[in-house]
Structures are given as structure tokens and as C-alpha cells.
Amino acid sequence: MSAKLDRAYRDAALRALAETEFDVLVVGGGVVGAGAALDAASRGLSVALVEARDWAAGTSSRSSKLVHGGLRYLEQRDFALVREALKERGLLLNRLAPHLVRPVPFLYPLTHRVWERAYVGAGVLLYDSIGGARALPMHRHLSRRGALDLAPALRPDALTGAVRYYDAQVDDARLTMMLARTAAQHGATVLTRVEAAEVLRDRGRLTGVRVRDLLSGGEQVAHARRVISAAGVWTDEVRALDHAKAPFHVRMSKGVHVLVPRDRLRLDVGLITRTEKSVLFVIPWDRHWIIGTTDTPWDHDPDHPVATGADVDYLLAHVNAVLREPLTADDVVGVYAGLRPLLDAGVASGDTTKLSREHAVAEPAPGFFVVAGGKYTTYRVMAADVVDAAVKGLGRAVAPSLTRHLPIHGAVGFRELWTTRDTLAARAGLPVATVERLLGRYGSAVTDLLAMIDRDPRLAAPLTGAGDYLAAEVVYAVTHEGALDLDDVLSRRTRIAIEYPDRGRAAVDQVADLVGEHLGWELSDRRAALDAYDERTRAELAALTARDDASAVTRLVAG
């Protein structure tokens, strides 16, 4: 099956949604929902996946962009979670998505002599050892001088030594989208801008879901024998579509990250430091550093997580505690906020840092299954668990999960292309560094993108105002990756919206021309898309002037 999610695919998918009785219909196009669709489709089931906005439009595009076991969870004695996550990290690095997941070294500064080195060293040794974690180099103890050689940006009095260890990094939005494409490749019907409106039953038996196409406004019934909700922070809202009793509740925790230019911090490694409640990461990200995260309760609309000036101040204050040259708000080029869907375990309402990152699967009503909680890293396990539960009682034998052996779109052939990247660059007439970056975003699917450039060399030009990206990447986002508006392209297929201080405004006119040409926009469609993107970015910037969540949400919605 094709993994090309263009307009023709969407039209065909809408017809299939109306004409097919699916074994499984998945609601929610985040990483777990896309993973569940792939898991079910690869077992030979007929599958539909509907997402009300865009792939990874919620939590799955706003994480710390790490694939990790969670070093701090060892201290909480959550060994099973860490072991499971480290197994998944190894699979993603070596088999499932080597084009999207890559190793990254971190420095853990020590501030006390003797006892802390022994304590942290024992924890990192365990981290390196459990769950098949040897996919990455072992940790190494460093003196203060050795640590400062790797991280000259640190104040000498901020550490007595350090431990260097390895974890992994991912472009979270692109991995989620690639999962959806891989599911389509295995026969799943996958659609964005399609909202689940009501779960339908006939004398108690689940028959499907009434869905609404948010582009046309049309409604239809998608017939299905099983429905899986993988809705993240919208779990309670989707469950209510079936009027089912809640098997558990999801609490929302806000996490904010800021981006600063790479040359602003003299570091050869990432950093992890303790805060009063959790940890703070400084993570390398192409030409930037990502600094995060916060962990605070969110009691507002899950559609509108927003960062405040207080969030930014908190992050800068904590990272500045260890830096020679403090960062200021003027150094911040991008900010993003996301919501974690955490299982409510009755912890005091003011503290989400202690809520478990474990996941749960339940069947609150016959044929209707819910999966919630968990970590981005363990999405595949969550997906397999909920599909295992859903296939019971289908009346036929269903294969066990195969996804631990199933490379994600772009993985097969990636390493071979990487070794010949000089030749690939020469043939395409592009700098080697550009081809390396493209391989790290598209894997072996880069050959499709380069073929587009071969047919139209103008697409090899960098975008005006966002020169790290090529015009071809915008076109490819629409013709292959299911992008349907400017935000899809600027926020998730590329990361222009968080990597440039103007949030992509200097590039947006050119992007609109490229997107509109391939989506068949009229002049009025183009103008409406530009106005919508401008209003959204202005509102987010206005929200940053607020000091609390309520005020920020008010400014965001008003904007």
C-alpha cells in the first residue's frame, strides 16, 4: 500500500471510512494512536485511524524530544518503567527508527564530593545495564577539569566533577507522522481533520462511530467492531462519547521548553541538573539548545496549552544557576508548551511531579477500549497492550504484536544511504551537510524528496526567512506527509515555528504559495490561512507576557 498521504489519498480514505466495517477504529493521532493503528494493521486487521487536528498536534509534538528510560525514575524506584523504556530506546535506535532517533551525550554535574559520586554512579551504572541498555556507550566519571573541557559554559564552582552518560533524541512530531504513514502502508485508513462525534450502539453492541470531516463539515458513520481511544489529554472527552463510566481519570501537567541559539552555550554535551522538584535538561537540537522542562498542573482547556513569562523565567533561572554567562529572555528564540496525560493516582492537586508515568488499558464499555498515561518512549508497548485487549472476542485468531520487528517508514536503507551521502549530495547538487540533515529527517524516503528536486530544481532553494529548510520540504509535507495547512508545515513537518524568533512569519508567504499550489487553494483560501497563522502566533506571543496560566489563556483566546 502507498504511504503517500496526499489529497487523492484523503479522498479515497473518506470513501473507505464510509464503505468499510473495520475490525478496529482508533481515535487519536498522537504517537500512541498512530502506534496502535500500525500494530493492529500489521496483525492483518482492518483499521481506521481518525484525528481531529493533525498528527501529533497535541502532546506528541511538544515533548522534550528524548527517547529515554528516565534517569530520575530510578530514584523513585520505578525500575520496571525504566527497564521497559530502555528496551524500547534500543529498538528505536537500532531497528525501528535509526533515521529519526540518535544518541546524545549528557553531563550530570556533581555538587558534593565522594558520596554523591558513589550514589549517582551506582544509579547511572544501573541505567546503563538494565533492559538491554547497552545500545549506547557506557557512562564515564569525570573530574571537574574533565567536565569543564566538555562544558566550558559551566561555572567552575557549580560542580565538583560529573558523570557523562548517553540517552537518545527524536523529532517527536516526525516520528508520529511516520508511524501514521507506516500504518497506511500496511493497509490502515488514516485521516486527520476528522473528529469522532459519537460512539454508536445497537441494543448495547458497538457498531461504530459517527465522525465529522472538519474540512467539509460532512458527517458519516464509520462502522467498526472495536473502538480504541488513544486521546491523551482528551481521554475523558472521548470516553464521554460512549457515556461510559470512567475506569480512571487523566490529570494534565504542563511542560514548557525554550530554545536558545547553539552558539550561546559552549557545550559539547547536553546537561541534566536537579531542580527542587525534578530535573532540568539542556538538549542539543540542530542549531539550538532546548531547555526544559516545567511540571505544573494544568486546569484549563487541553486545546490551548500556553507558556507564560513566569515559565520562561523559571527555566532561565535554573539553568543560569550553573552557567558562567547567564542567559536572558533576549536569548530565547522559541518557546513551546505541552500537556502530559498522567494517570490520576489521588496525589495532592498541586503536585503532578509525583504522578506515575505508567500507562493503563481498560474497557469501560463493551467493545470500547481506552489507553492512557505512559511515556513517549514506550508508545509501542502501550499500543500493543491496547490492541491485545481489543482483539479478544473478535471471533478469530489474531497474531501477536509484530511491531518490535517492523521498521518505520524511512528506516530500511537509511544506513546504506548515509554511507554514500557524499555521492548523494553530488548527484543532487546539494551541500553534504544539507543531505545529512535531510537523511536525519526523512531517512531513505529522502530519495522521493530528491526526485522532486530533480524534476523541479527550484525546489532546492532554501526558504526565505527559514534558510535551514528547502522549498522541497514544504511541497513534500503536502504531497506525502498529509499536511493540510500552514501550521501543519511550520510547526510539525518542519520546526520553523519554534526555531525562528518570528515563528516563521518571514517564510510564511512563500510557504503559503507552495502549500496552496498543491492543495488547490483559491486566493481567499490563501488569505484566510495566512490570517489564521498570523493571529495564532501573535496570540501566543501575547500570552508570554502573562504571569499565570489563567491570564495567558485569556490572552491566547482573545488573540
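The values are calculated or read from the model by the stated rules, or taken from the named source; none is laboratory data. Bear in mind the structure is a predicted one, so any value in this text is a computation, not a measurement. Every residue, glycine as well, gets a Cβ built from its backbone with ideal geometry; the counts of neighbours run over all protein chains shown. Side chains are part of the model used for accessible areas, which takes the heavy atoms of the whole protein and leaves out ligands, DNA and RNA. Shrake-Rupley method; radii C 1.70, N 1.55, O 1.52, S 1.80 Å.
For segment 425-430, the Karplus equation 6.51 cos²θ - 1.76 cosθ + 1.60, evaluated at θ = phi - 60°, returns couplings of 5, 4, 5, 8, x, 10 Hz by residue, with Gly and Pro reported as x.
Have a look at the DSSP beta bridges in the chain and tell me what percent are antiparallel, nearest 5. Taking every DSSP beta bridge with both residues in the chain, the antiparallel ones total about 75 percent.
Share of carbon and sulfur in the accessible area of segment 210-303 stands at 49%, probe radius 1.4 Å. The count of lysine pairs in the chain with alpha-carbon distances below 29 Å, taking only pairs 8 or more places apart or on different chains, stands at 23. For segment 67-89 and segment 178-241, what is the separation of their Cα centres, given in Å? The two parts, judged by their Cα centres, are 32 Å apart.
Placing +1 on the Cβ of every Lys and Arg and -1 on the Cβ of every Asp and Glu, with nothing else charged, gives the chain a dipole about its Cα centre of roughly 1800 debye.
Using only DSSP helix segments of four residues or longer, with each worth -39500 (n - 2.57), what per-residue ellipticity at 222 nm results for the chain after dividing by its residue count and rounding to 500? Please report the intermediate quantities before stating the final value.
On the way: 19 runs with 204 residues, N = 559.
Result for the chain, helices only: -11000 deg cm²/dmol.
Taking every protein chain into account, the accessible area of the chain amounts to 39 square angstrom per residue (probe 1.4 Å).
Along segment 310-320 the Karplus relation, 6.51 cos²θ - 1.76 cosθ + 1.60 evaluated at θ = phi - 60°, assigns HN-Hα couplings of 5, 4, 5, 4, 4, 5, 5, 4, 6, 6, 5 Hz to successive residues, with x for each Gly and Pro.
Each peptide in 75-85, 391-401 was scored by the mean count of other Cβ atoms within 10 Å over its residues; highest first, the order is 75-85, 391-401.
Is there a quick way to get the dipole size of segment 394-450? I mean about its Cα centre, with the Cβ of Lys and Arg at +1 and of Asp and Glu at -1; what is the value in debye to the nearest 20? Don't skip to the answer; put the middle values down first.
Details: 7 positive and 4 negative charges, 43 e Å.
The calculation lands at about 200 debye.
Put simply, the amide H of ARG324, placed in the peptide plane, has neighbours under 5 Å in LEU154, ARG155, leaving out anything fewer than 5 places away on its chain.
What is segment 466-527's relative contact order, in percent, from Cα pairs under 8 angstrom and six or more apart in sequence? Intermediate values should be presented prior to the final figure.
On the way: 46 pairs, mean separation 23.3, N = 62.
It rounds to 38 percent for segment 466-527.
Relative contact order of the chain: 19 percent, from C-alpha pairs under 8 Å at least 6 residues apart in sequence.
Where nothing but the Cβ of Lys and Arg (+1) and of Asp and Glu (-1) is charged, how large is the charge dipole of segment 149-246 around its Cα centre, in debye to the nearest 20? Please report the intermediate quantities before stating the final value.
Numbers: 14 positive and 13 negative charges, 115 e Å.
Around 560 debye, computed over segment 149-246.
With both labels modelled 7 Å from their Cα along Cα-to-Cβ, the ALA16 to LEU125 distance reads 5.3 nm.
In whole percent, how big is the carbon plus sulfur part of the accessible area of segment 39-92, probe 1.4 Å, protein atoms only? Walk me through the numbers before you get to the answer.
Details: 720 of 1550 Å².
Roughly 46 percent, rounded to a whole number.
Express the carbon and sulfur contribution to the solvent-accessible surface of segment 367-476 as a percent, rounded to the nearest whole number, probe 1.4 angstrom. On segment 367-476, the fraction of accessible area on carbon and sulfur atoms equals 57 percent. Among the listed values (i) 78, 64, 46; (ii) 95, 58, 45; (iii) 68, 54, 50, the one computed from these coordinates for Cα extents along the principal axes in Å is (iii).
Based on the mean of other beta carbon atoms within 10 Å per residue, what is the order of 447-458, 547-558, most packed first? Walk me through the numbers before you get to the answer.
Working: 447-458: 14.4, 547-558: 16.8.
Peptide ranking by packing, descending: 547-558, 447-458.
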